[in-house]
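Okay, so here's the structure we're looking at.
The values are calculated or read from the model by the stated rules, or taken from the named source; none is laboratory data. Bear in mind that the values here come from a model prediction, so they are computed numbers and not experimental data. Positions of Cβ are generated from backbone atoms using ideal geometry, with glycine treated the same way; all protein chains shown enter the neighbour counts. Please note that ligands, DNA and RNA were not included when accessible areas were found on the heavy atoms of the full protein model with its side chains. Shrake-Rupley method; radii C 1.70, N 1.55, O 1.52, S 1.80 Å.
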Amino acid sequence: MAAEEIRVRGTVQGVGFRPTVWRLARECGVTGEVLNDADGVLIRAYGESGAIESLATRLEREPPPLARIEAIRRSALVDGSRTAPTDFTIVASVDGKANTNVAADAATCPACLADIRDPGNRRYRYPFTNCTHCGPRLSIVESIPYDRPNTSMKVFPMCPDCEAEYRDPADRRFHAQPNACAVCGPTVWLEDNGGRRLTPEPGSDAVSAAARLIAAGRIVAVKGIGGFHLACDATNPDAVSTLRARKHRYAKALAMMAPDVDTIRRYARVSAAETALLESAPAPIVVLEAAGEALPDAIAPGQDTLGFMLPYTPLHHLLLDELEQPIVLTSGNRSDEPQVIDNEVARSRLADIADVFLMHDRDIVNRLDDSVVTVVDDATVVLRRARGYAPEPLAVPAGFEAATGVLAMGGELKNTFCLFGDGRAIVSQHMGDMEDATALLDAEQNLALYQRLYEFEPAIVAVDRHPEYLPTKTARSRFDAATGVQVVDVQHHHAHVAACLAEHGRPVNCRPVLGVVLDGLGWGDDNALWGGEFLVADYRGYERVAHFLPVALPGAAKAMRDPWRNTWAHLEAAFGWEEVVRSWGDLDGIRRIDAHPVGTLRQMLERSLNCPPASSAGRLFDAVAGLLGICPDGMRHEAEAAMALEALARPAMATERDAAYGALIDAGSPAVVRWEPLWEAVLRDLRDGVSYERIAARFHHGIADAVVSVAVAEAGRRDLATAVLSGGVFQNRLLLDAVTRRLHTAGLEVLSHGLFPANDGGLALGQAAIAATRSLADSSC
């Protein structure tokens, strides 16, 4: 006989782990007990050594669907000499310093879906049905351990039937903290945009009534699991246009929800990998290639992709069961504001957008946007990491185990933060752009929540080097010498490279890599704006070995919105605008730009007035788009012009490889990539009547060739074996694929992002890894 203590760490609370242990222990002939505590799950096991060995093995092989085991540690029980228990039991949770994970919200499991569709089941059509295999987690949790009193379900005492399920280890709802039914749980109702409750027709309920209103062309605000959404019939052009006008979201693609994958296939190509993502527990929005039946142009203007998701809560399933067509399901907010989560706020902020509201009375503790993913070469690439994925931790790479107490604040746009230490990196959900006061407040509230959940007190805070970024300012005002917390700055593009290294598990002392970071902008060492960067880097440091030619941003922030400004600036830098007009002034694109007040821009440039130079790759894409007449009146959302240029290029990519535009590379330290040959070729093609599609494709191939040429040369010069591709521009699938394939052909290993976004949504992870490396180096001195 033996007696062991088995410690299981990871995402093992709130996912049905204890009843799984209880069942496996009985099947293996092991007695003892299992409990939740601040470190995860603790098992005290008694039995034959072979039986305990079998239990430990099966725990690794047969965990619950939502569990993520990070470690199983076994040791002899100190009191193992006592008489072994005669049964195996589940005992009460034990509090302590939190060292376990909070599970992500999970889509409705097949068993619960069957319950709500079974007229004989007591949960028939109940919109808040869940079990330990599915349902809300992060969205309702207030503190650890994940028990009902620490969630927004604490105000709903369970009825006797639910209590019996909750107490029965053999039931899949054993200790399912949101467990409820129509007798005791949250309720759903319909109200108009004046706050008056609406009574459904006889034989109907609030959800089916909402579905009928959507089918009739109305806009319905739907309170979901992580926030409100705005829903309308995606096949109704008038409804979609009305939603856009009311929300003031004039161009950015709208997400859609469909009843099933077969419905999605009517409008888009769906691969096996994409199907698996749509049907997975995170249930993200999956970006798919549009194909088949046409949807209204207002769904995704200027794009050749569509964002679809499947129902992921019982309420969504019940709603879509009543409809045969997809619905728009976009975030419930005014354009550029965070998603609304509170009923009263929804009534005030969404009343002039929605015709009716499908409401419920379960509080959303933590705002969660829908995650967005795509598939590249059958691999998942996360574009926005939120519901379903956050706050699932990343195990820190080798050598970081001793790091602790590192907080990274992320960037200004697509903000996330990261808690780094105790063997894991916990990256928050996407919180949006910190330029919005509400989003900044949301970030501060989320940080306070995460610190409370994980009992985390920072010793080091990493911030972006840009002095005007609000997260940077916030950290510097909150932490100073008096607090004993060290604030360290991290260069933007170095953080991008480090984030990719950490995601791929590269150890703290890894060999340097050639990092290619293409994005909009980041603050450089020379206090200039960088954005087309080649860095020899590891966690410890970096050297800027090459970059795109810095070109002025006329009007600074205005250049981020008006592609034509970047076209003028690039052509001015390449040839001088007067020469361009003299030689190419008959082209529509040149005439269109020359009609703008370019004389004023020249004066600003000559006086260095509000024209900061930037090596931005993003603005180069905007410049080409501007010459082709894309977004002539300005961009209505970030990267609109670049996304339209990508969509324009896609059909011609296969035929235009040999016609790629060229670049010049000025040798030096650092080397500089210049674009005169590219611009001359674009202008010549326009005069020759080459189609915009072929020009866009040749541009993409030209950028890829220039990037690969520099990367291969610099890697060879320094005997580097690996290239890292990061930055928001690499969310362009055409560019990522072209660069990756050519680097592979050149014999380089290529690392790019999958688990975390290539854009600034992944920045905090890299900041944290760099700051942790510095702290480890300091402690070893």
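Remark: pairs (first residue in region 697-721, among the acidic types (Asp, Glu); second residue open to solvent by less than 10 Å² (accessible area, probe 1.4 Å); Cβ separation under 7 Å; 6+ apart in sequence or on different chains) = Glu714/Leu514; Glu714/Phe534; Glu714/Val545; Glu714/Ala546. Is at least one residue of region 411-424 out of contact with any strand residue (DSSP E or B) (no Cβ under 6 Å at 6 or more places or on another chain), assigned to a loop (DSSP other than H, G, I, E, B) and of a type in the set (S, T, N, Q)? Among the residues of region 411-424, at least one is out of contact with any strand residue (DSSP E or B) (no Cβ under 6 Å at 6 or more places or on another chain), assigned to a loop (DSSP other than H, G, I, E, B) and of a type in the set (S, T, N, Q), which makes the answer yes. The single residue among Leu535, Leu470 that is open to solvent by 30 Å² or more (accessible area, probe 1.4 Å) and either closer than 28 Å to Ala437 by Cα or in contact with a Gly (Cβ under 8 Å, 6 or more places away or on another chain) (or both) turns out to be Leu470. Out of Ala351, Ala272, I need the residue that is surrounded by fewer than 17 Cβ atoms within 10 Å (Cβ to Cβ), farther than 30 Å from Arg197 by Cβ, of a type in the set (Gly, Ala, Ser) and out of contact with any Pro (no Cβ under 6 Å at 6 or more places or on another chain). Which one? None of the others qualify; the one that does is Ala272.
Taken together, the residues in region 667-687 that are more than 37 Å from the chain's Cα centre (by Cα) and either assigned to a strand (DSSP E or B) or at pLDDT below 95 (or both) amount to 2.
Considering region 645-679, and only residues there that are over 21 Å from Thr305 (Cα atoms) and without any contact (Cβ under 8 Å) to a residue 24 or more places away in the chain, the residue that is surrounded by the fewest Cβ atoms within 10 Å (Cβ to Cβ) turns out to be Asp658.
Asp336 passes every criterion in (1) acidic (Asp, Glu); (2) surrounded by fewer than 18 Cβ atoms within 10 Å (Cβ to Cβ); (3) out of contact with any His (no Cβ under 9 Å at 6 or more places or on another chain) apart from (3).
A single entry from Leu323, Leu319 fulfils the requirement of being under 30 Å from Ala111 (Cβ atoms) and part of a loop (DSSP other than H, G, I, E, B): Leu323.
Residues that are under 30 Å from Leu776 (Cα atoms) and charged (D, E, K, R) are absent from region 602-620 altogether. In this entry, Pro282 is excluded by the filter for residues that are touching an Asp or Glu at 6+ places or on another chain (Cβ under 8 Å), open to solvent by less than 60 Å² (accessible area, probe 1.4 Å) and either more than 20 Å from Pro338 (Cβ to Cβ) or not in a loop (DSSP other than H, G, I, E, B) (or both).
Can you find a residue that is within 27 Å of the chain's Cα centre (by Cα) and open to solvent by 30 Å² or more (accessible area, probe 1.4 Å) anywhere in region 149-168? Yes. Just the residues that are closer than 19 Å to Asp519 by Cα, open to solvent by less than 20 Å² (accessible area, probe 1.4 Å) and of a type outside the set (S, T, N, Q), please, taken from region 737-759. Listed by number, the residues that qualify are Ala738, Val739, Leu751, His753, Gly754, Phe756, Pro757, Ala758. Here region 680-692 is the region considered, the condition is being surrounded by fewer than 18 Cβ atoms within 10 Å (Cβ to Cβ) and not hydroxyl-bearing (Ser, Thr, Tyr), and the residue that is nearest to Ala574 (Cα to Cα) is Glu680. Tell me yes or no: at least one residue of region 756-769 is hydrophobic (A, V, I, L, M, F, W, C) and either over 15 Å from the mean Cα position of the chain (by Cα) or farther than 25 Å from Glu412 by Cβ (or both). Yes: one or more hits. Just so you know, in region 354-375 the residues that are hydrophobic (A, V, I, L, M, F, W, C) and within 22 Å of Gly432 (Cβ to Cβ) include one that is most open to solvent (accessible area, probe 1.4 Å), and it is Val365. Against the numbered list (1) assigned to a loop (DSSP other than H, G, I, E, B); (2) at pLDDT 75 or above; (3) open to solvent by less than 40 Å² (accessible area, probe 1.4 Å); (4) not acidic (Asp, Glu), Asn99 comes up short only at (2). For region 187-203, a residue qualifies if it is open to solvent by 90 Å² or more (accessible area, probe 1.4 Å), part of a loop (DSSP other than H, G, I, E, B) and not acidic (Asp, Glu), and the qualifying residues are Arg196, Thr199, Pro202, Gly203. Against the condition surrounded by fewer than 18 Cβ atoms within 10 Å (Cβ to Cβ), of a type in the set (Asp, Glu), farther than 30 Å from Ala215 by Cα and in contact (Cβ under 8 Å) with a residue 60 or more places away in the chain, how does Asp378 come out, does it pass? When the stated conditions are applied, Asp378 passes them.
Within region 393-404, the set of residues being open to solvent by 10 Å² or more (accessible area, probe 1.4 Å), in contact (Cβ under 8 Å) with a residue 24 or more places away in the chain and farther than 22 Å from Gln731 by Cα comprises Pro393, Ala395, Val396, Ala398, Gly399, Ala402, Thr404. Filtering region 416-429 down to residues that are out of contact with any Gly (no Cβ under 6 Å at 6 or more places or on another chain) and modelled with pLDDT of 95 or more, which residue is farthest from Val485 (Cα to Cα)? The qualifying residue farthest from Val485 (Cα to Cα) is Gln429.
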